[in-house]
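Participant: Sending over a structure as structure tokens; questions will come in a sec.
None of the figures in this text is laboratory data; all of them are computed from the coordinates on show. The shown structure was predicted, so the numbers you read here are calculated from the model rather than taken from an experiment. Counting neighbours? That spans all protein chains shown, and the Cβs are built from the backbone with ideal geometry, glycine included.
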Amino acid sequence: MPRESRPARPVPLGPLTPPDWLVRSLKPQSAPIPWAAVARASVAMALPLALGILAGQPSYGALASMGALSGVIGDTADAYRMRIFNIAVPQLFGALGVTLGSLVFGHGWVAVGAVTFVALVSGMMSTIGAVASVSGLLLLLNCVVGAGLPMPGQWWLAPLLMTGGGLLVLTLALLAWPLRSGVPERAAVAASYRSVAALLDAAGTDAYDEARAAVTASLNQSYDLVLARRTRDHGRNPELVRLVAQLNALTPIIEAAPAADQAARHACVRLPPEVPVAVRALADAVERGETPRTDPAEAPAR
């Protein structure tokens with residue numbers, strides 16, 4: 001007689017651990033504090049309120065400070081041209097929002113319907129992009145403020161004060177443009193070179209994977225910054241062409257870094273320390289706006 005088959009016993013699962021690449025991707029990364037943006041935010045938000053209190057019109061100062069807060073939210077770009085776009089466009093939608101809200105203030109269900117419609121528009125705008133998302137947020141937020149609180153003066157005064165506060169942030173953000181045009185792009189490319197130098201230093205150590213992730217993040221930021229400016233410049237800009245070429249020159253070094261890491265781990269053959277030093281020297285030249293020149297006689301021996 002055939003034997004009855006017994007159901008297989010369930011195999012207990014061991015502890016589930018996420019893969020290393022996922023842990024590294026989700027691990028919080030430390031970032032430098034943008035002290036210039038911190039100073040701009042402090043001045044732009046405190047100054048209008050202080051002036052309003054001194055003039056005996058604290059509500060005017062508060063509205064201007066709210067507009068400055070909206071400008072600070074968009075003050076995230078390094079390139080000066082992108083600062084104009086990131087700050088000015090959301091300000092227009094914020095002014096539109098407070099105007100719509102103040103027009104329906106005190107109208108009961110009409111105000112509810114208007115805010116609901118603005119919320120739908122804001123949600124659809126958030127799917128377009130980063131700047132559109134901030135614009136939609138300010139459109140809805142200021143509409144709620146205008147619909148829920150009485151605005152001082154005529155209907156046009158509140159959006160004018162808010163726009164003025166945002167323009168103050170924009171003015172502070174563009175003060176150094178005539179003296180530092182192109183500096184953010186060069187600084188980003190130089191930072192990419194320094195991250196590659198740190199990657200070469202970390203070859204064969206436990207810090208290699210973290211350094212590799214830092215290189216990827218730095219390259220992404222540099223390409224975004226340089227190419228965003230390049231798309232807005234009409235004609236051939238020699239400086240931007242040079243920066244793109246300098247970024248592309250990092251590709252062979254990054255591709256060779258895993259081989260250097262494996263050689264250091266398994267064959268105990270480490271890169272000469274002159275190699276990362278040379279890459280850092282190139283970073284300094286890039287940041288100064290110079291074209292790096294390498295003398296073959298000074299190249300480290302292989």
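Participant: Is the shape of the stretch 35-178 rounded, prolate or oblate, going by the alpha carbon gyration tensor and its root eigenvalues a ≥ b ≥ c, with a/c under 1.5 for rounded and a/b larger than b/c for prolate?
Facilitator: The shape class here is oblate.
Participant: Which value in nm describes the separation of the simple spin-label points at residue 266 and residue 171, placed 7 Å from the Cα toward the beta carbon?
Facilitator: About 6.4 nm separates the two model spin labels.
Participant: So, one more: For a quick check of your reading of the filter: which trypsin sites (Lys or Arg not before Pro) in the stretch 192-269 sit in a DSSP loop and have no more than 10 other Cβ atoms within 10 Å?
Facilitator: Here the sparse-neighbourhood loop sites are 236.
Participant: Can you tell me how much longer the chain between residue 33 and residue 149 gets when fully stretched, taken as 0.36 nm per residue apart minus their C-alpha distance, in nm with one decimal?
Facilitator: Residue separation times 0.36 nm, minus the Cα-Cα distance, leaves 38.2 nm.
Participant: Rounded, prolate or oblate, given the Cα gyration tensor of the stretch 182-293, with a/c below 1.5 counting as rounded? Can you show the working numbers first?
Facilitator: Details: a/c = 2.78, a/b = 2.09, b/c = 1.33.
Note, shape of the stretch 182-293 comes out prolate.
Participant: Return the distance in nm (one decimal) between the two label points of a simple spin-label model at residue 57 and residue 156, each offset 7 Å from Cα along Cα→Cβ.
Facilitator: So the label points at residue 57 and residue 156 sit 1.5 nm apart.
Participant: While we're on this one: Quick check: the distance between the Cα centres of the stretch 136-196 and the stretch 257-282, to the nearest angstrom?
Facilitator: So the two Cα centres are separated by 44 Å.
Participant: Another question about this same structure. Work out the P(r) tail for the stretch 125-256: percent of alpha carbon pairs separated by more than 27 Å, whole number. Spell out each step's value before the answer.
Facilitator: Working: 4076 of 8646 pairs.
Everything past 27 Å amounts to 47 percent.
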